[in-house]
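The values are calculated or read from the model by the stated rules, or taken from the named source; none is laboratory data. Computed from a prediction, not measured in an experiment: that's the story for all the values here. As a convention, Cβ positions derive from the backbone with ideal geometry for all residues, glycine included, and neighbour counts pool all protein chains shown. What goes into the accessible areas is simple: the full protein's heavy atoms, side chains included, and nothing from ligands, DNA or RNA. Shrake-Rupley method; radii C 1.70, N 1.55, O 1.52, S 1.80 Å.
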Amino acid sequence: MTSKATFTMACCALWSALALSQTPAPERLPRDIRVTAIPGVVSAGAKWQLVWQGSDNADGIVGTSDEGLLFAQEQPSRVRKLDRNGKDAIYLENTHGAGALAIDATGRILAVERTCTDPGLTLPTPCTEPTMVGTLAPERKVLAASYQGKPLGRLNDLVVDKKGRVYFTVGGAYYVGPGGPVTSLGDNIRSNGIMLSPDEKILYVTNGMVILAFDIRPDGTVANRRDFGTLEGGGGGDGMAVDAAGRLYVTSAPGVQVLSPEGKYLGIIPTPRAVISVAFSGPDKKSLYVVGSGALDPDGKEHTTPAGVRNNAKSIFKLPMIAQGFKGRAK
């Protein structure tokens with residue numbers, strides 16, 4: 001073997017070793033994080049507590065009047081309830097793939113019903129059951145199932161005001177009043193989460209790393225679209241919650257990012273996992289609940305699925321807060 005060949009092989013071996021050494025190690029889950037203080041929001045050193053985990057999904061959480069929490073499980077098509085003591089039970093079944101929940105002023109439970117549109121679902125024939133925004137309890141009712149004659153598609157999130165008007169997202173953002181047609185909030189919106197201000201005069205919609213704001217007219221339609229704030233902690237916005245002071249809480253991969261009522265970035269509450277949904281509940285509505293992606297199996301190891309099978313495992317955590325959730329609306 002020539003010295004040139006020997007040199008080339010040695011260089012290749014060195015480059016391979018360097019490449020391997022620079023490959024990032026898999027993230028250890030749950031993450032080892034430390035909460036830092038955000039004045040008026042959360043105390044330094046506050047600890048997240050795991051309150052539920054499982055392989056059958058959890059999403060679209062909403063606090064209940066008895067200090068509990070409802071969460072949707074799309075794949076088994078049910079809603080579970082976690083009570084204030086951490087005990088969970090099936091609350092509703094046959095929910096047509098409910099994926100996000102809301103509770104209106106009369107106590108109706110509303111949901112975005114995703115039916116058979118789960119991208120990880122293997123079906124013998126294409127999914128044809130229409131998705132919809134509807135009520136699950138006390139009666140089943142369709143509130144919206146199409147826009148301009150076309151199916152809504154795979155729905156994301158929703159919020160309902162005191163008058164029963166529903167704002168929801170499905171790629172874009174939309175509005176439907178009681179018995180009225182579906183109205184678009186505008187073009188060029190890449191939305192997921194949606195939330196109302198405490199006084200219900202402003203509607204917030206996630207748009208990637210930017211949060212949009214709209215003024216709400218008396219008839220429920222919107223005007224004055226504008227950029228409200230930016231998620232300076234990184235990642236795109238997912239679910240949202242609002243507190244009694246009007247601060248906005250936005251879930252993202254790094255954690256829950258907090259914006260003032262004026263849109264100023266106040267900081268991030270790091271989370272044990274990347275989080276997708278957030279809500280206030282618990283005594284005096286001073287616990288912040290989040291849904292994180294992934295979960296541990298009973299053996300303490302991270303839940304995994306075979307190649308090509310979607311991993312729907314989720315974990316729910318709660319955190320004691322200084323801030324208090326808005327009590328005038330469930331969500």
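Stokes-Einstein, applied to the Kirkwood radius of the stretch 60-144 over Cα pairs at a viscosity of 1.002 mPa s and 20 °C, places its translational diffusion at 161 µm² s⁻¹. If I histogram all Cα-Cα distances within the stretch 240-331 using bins 10 Å wide from 0, what percent of pairs lands in each bin? Here the calculated profile for the stretch 240-331 is 17, 42, 26, 12, 2. Maximal additional length on extending the Asp32-Thr128 stretch stands at 30.2 nm, based on 0.36 nm per residue less the C-alpha distance.
Sorted from greatest to least, the principal axis extents spanned by the alpha carbons of the stretch 191-241 come out as 35, 19, 15 Å. For the options Leu319, Leu110, Leu123, a Gaussian network treatment of the chain with springs between C-alpha atoms closer than 10 Å singles out Leu123 as fluctuating the most. Using a Debye calculation, one point per C-alpha and no hydration shell, please list log10 I(q)/I(0) for the stretch 136-236 at q = 0.18 Å⁻¹ in order. Log-scaled intensity ratios, in q order: -0.85. Nearest 10 degrees is fine. How inclined is helix 3-22 to the longest principal axis of the chain, computing both from alpha carbons? The two axes meet at around 30 degrees. On the principal axes of its alpha carbon atoms, the stretch 78-204 extends 41, 38, 25 Å, with the longest extent given first. Comparing Gly177, Gly300, Gly255 in a Gaussian network model of the chain (Cα springs below 10 Å), the most mobile by mean-square fluctuation is Gly300. Which value in nm describes the separation of the simple spin-label points at Thr183 and Ser43, placed 7 Å from the Cα toward the beta carbon? In this crude label model, Thr183 to Ser43 measures out at 4.6 nm. The solvent-accessible area of Asp199, taken with every protein chain present and a 1.4 Å probe, is close to 90 Å². The simple spin-label model puts a point 7 Å past each Cα toward its Cβ; for Ser293 and Tyr265 those points are separated by 2.1 nm. Relative to the 2.2 N^0.38 Å rule of thumb, the stretch 208-266 has a C-alpha radius of gyration ratio of 1.15. Build a GNM of the chain with springs between Cα atoms under 10 Å apart, and of Leu296, Leu143, Leu248 the one that fluctuates most is Leu296. With contributions of -39500 (n - 2.57) from each DSSP H run of at least four residues, the per-residue ellipticity at 222 nm computed over the chain stands at -2000 deg cm²/dmol. Remark: the stretch 91-103, residue by residue, has Karplus-estimated 3J(HN,Hα) of 10, 9, 10, 6, 8, 6, x, 3, x, 8, 10, 8, 10 Hz, where x stands for each Gly or Pro and the curve is 6.51 cos²θ - 1.76 cosθ + 1.60 at θ = phi - 60°. Per-residue 3J(HN,Hα) values for the stretch 55-68, derived from phi via the Karplus relation 6.51 cos²θ - 1.76 cosθ + 1.60 with θ = phi - 60°, read 9, 9, 6, 7, 6, x, 6, 8, x, 10, 5, 9, 6, x Hz in sequence order (x marks Gly and Pro). Gly282: net charge of surrounding residues, Cβ under 15 Å, Lys/Arg +1, Asp/Glu -1, itself excluded? Neighbour charge sum, excluding Gly282 itself: +3.
Surface composition of the chain: carbon and sulfur make up 54 percent of the accessible area, probe 1.4 Å.
At a probe radius of 1.4 angstrom, the accessible area of the chain per residue rounds to 47 square angstrom. Per-residue Karplus couplings for the stretch 182-190, computed as 6.51 cos²θ - 1.76 cosθ + 1.60 with θ equal to phi - 60°, are listed in order as 7, 10, 7, 8, x, 8, 6, 10, 10 Hz, Gly and Pro entered as x. Net charge in the neighbourhood of Val112 (other residues with Cβ under 12 Å of its Cβ; Lys, Arg +1, Asp, Glu -1) is -2.
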